[in-house]
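This report concerns only the one structure given below.
The values are calculated or read from the model by the stated rules, or taken from the named source; none is laboratory data. Given the structure is predicted, the values throughout are model-derived calculations rather than measurements. Using ideal geometry, Cβ is built from the backbone for each residue, glycine included, and neighbour counts are taken over all protein chains shown. These accessible areas exclude ligands, DNA and RNA; they are computed on the full protein's heavy atoms, side chains included. Shrake-Rupley method; radii C 1.70, N 1.55, O 1.52, S 1.80 Å.
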Amino acid sequence: MLQPELAEKIVREVERLLQEEIIVVNTEGIIMASTNQDRIGTFHEGALITSQQKKKLIITEKDTPQLKGVKSGINLPIFFQHEVIGVIGITGDPESVTPFGEIIRKMTELLISENYYGEQFDYHSRGMETFVLEWLQAKEPSADLFERARALTINLDLRRTAVIIELEQREHPLSRDMWSSILNSFSTNKNDVVTRSRNERIIWLIDCSKSQQPKSIKHRLEQFLLFMKNNFGISAYAGVGQCTASSSLYLSYAQAERALKLARRNKGIIFDEELILEMITGEIPSEIKAEYIQRSIAPLLTEKDLLETLIELFKQNHSLKNTAKVLHIHINTLHYRLKKIEELTHLNPNAIHDLFCLYLAVLFLDE
């Protein structure tokens, strides 16, 4: 429980309040951390007595010759869950330092409790993340998976919808406290499963056995994304798979991944069931898309005006009038540019086949 790293942290925190020498000692009387580095690793008989008797020990100048490794001051047992796990000692005139003793002990015990529950959160988070990722990869849940699910109070028999929430990249990873606050913010159905995935994703497996309408899921996601923005200044987006049997959850997760690709570009929430063309384009490898761009619109990549014109044409649903208006050009100029695009690419923006080829190229370029 009381490791050297934690003992060192306690010393650093306490020395902000007192100028006196401070030590943290284990239950065997060995000094683990101190403001005086020379004392670390040495034996402190007063701390051993304090640990054994489970009560405060005041050491005066008169006592120091009788006890090994001590200085005058006060020694206080550190309790955790009603057991002594160490001792904190404050060197100095006992009358001067005793009034601070109880405050220092309480502060120390709070630091230890905070560290303990933080470690428990990390342990549970890692366990849940490992379990969920194995579950999502399993095409046929094993007996071991069912056993672990029972231990985590997760019902593997329910139909579920997989949701992947991705946080925008940041310079520094989120702290344990931030993750705790984020995961606790989910006002979930008791059968929902929420876990982090690495430091930039949240996997949310929603119980849809009693019907969870996309509208309801979207509202809950919108509330969460707003919470992230308002509380942490972090933007996030989400891909949502379709409701499926628990044994086929990997399919819903793959759908959520596919939807997330578009959500990442649009900075929003995308449901897989909304996808049509993206169902196909999402499966095309990036190197094939790059080659496709080279075969189709490569000559436009150095022609800024022409490329901008083509992109706007698609944004305006092939309305020449609206495209010219948005680009602030005459309609004749637009016709000239479209002719130039055809000359360079050998694809006619007015022919449906060629137009679709151009549209795919722009779509891939945007990716």
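The table below gives the values:
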{"item": "Free-standing Cys, the chain [no other Cys Cβ under 4.7 Å]", "result": "C357"}
{"item": "Over the chain, relative contact order from alpha-carbon pairs under 8 Å, at least 6 apart, %", "result": "10"}
{"item": "Calculated FRET value between H335 and K261, using beta carbons and R₀ = 35 Å, to 0.05", "result": "0.50"}
{"item": "Under 29 Å from K56, Cα to Cα: lysines that are on another chain or at least 8 residues apart", "result": "K9, K68, K71, K106"}
{"item": "Surrounding net charge for A151, when Lys and Arg each add one and Asp and Glu each subtract one, Cβ distance under 14 Å", "result": "-1"}
{"item": "Label point at S96 placed 7 Å out along Cα→Cβ; residues across the range 1-31 whose backbone nitrogen lies under 18 Å", "result": "15-23"}
{"item": "For the chain, size of Cβ-based charge dipole, Lys and Arg +1, Asp and Glu -1, in debye", "result": "1000"}
{"item": "Theoretical FRET efficiency, 1/(1+(r/R0)^6), r = Cβ-Cβ of L111 and K54, R0 25 Å, to 0.05", "result": "0.80"}
{"item": "Loop trypsin sites (Lys or Arg not before Pro), the range 174-236 (other Cβ atoms within 10 Å of the site Cβ: 13 or fewer; DSSP)", "result": "K190, R198, K210"}
{"item": "Separation in nanometres of the label points that stand 7 Å from Cα toward Cβ, at R295 and A245", "result": "4.0"}
{"item": "Stretchable slack from E45 to A351, in nm (0.36 nm times residue separation minus alpha-carbon distance)", "result": "100.9 nm"}
{"item": "Spin-label model distance (nm) - K229 vs S185, 7 Å beyond Cα toward Cβ", "result": "1.2"}
{"item": "Carbon/sulfur fraction of accessible area - the range 25-142, other protein chains in place, 1.4 Å, %", "result": "52"}
{"item": "Reported label for calculated percent of Cα pairs over 39 Å apart given (1) 25; (2) 19; (3) 48", "result": "(3)"}
{"item": "Computed [θ] at 222 nm, deg cm²/dmol, the chain (DSSP H ≥ 4; -39,500 (n - 2.57); rounded to nearest 500)", "result": "-16500 deg cm²/dmol"}
{"item": "Accessible area of the range 299-367 divided out per residue, in Å², using a probe of 1.4 angstrom", "result": "62"}
{"item": "Per-pair calculated FRET efficiency, R0 = 41 Å: Q316 and S211 via Cβ, rounded to 0.05", "result": "0.55"}
{"item": "E273 accessible area, assembled protein chains, probe 1.4 Å, Å²", "result": "110"}
{"item": "Within the accessible area of the range 169-312 (1.4 Å probe), percent carbon and sulfur", "result": "50"}
{"item": "Loop-located GluC sites (Glu not before Pro) in the range 165-265 whose Cβ has at most 11 other Cβ within 10 Å (DSSP)", "result": "E171"}
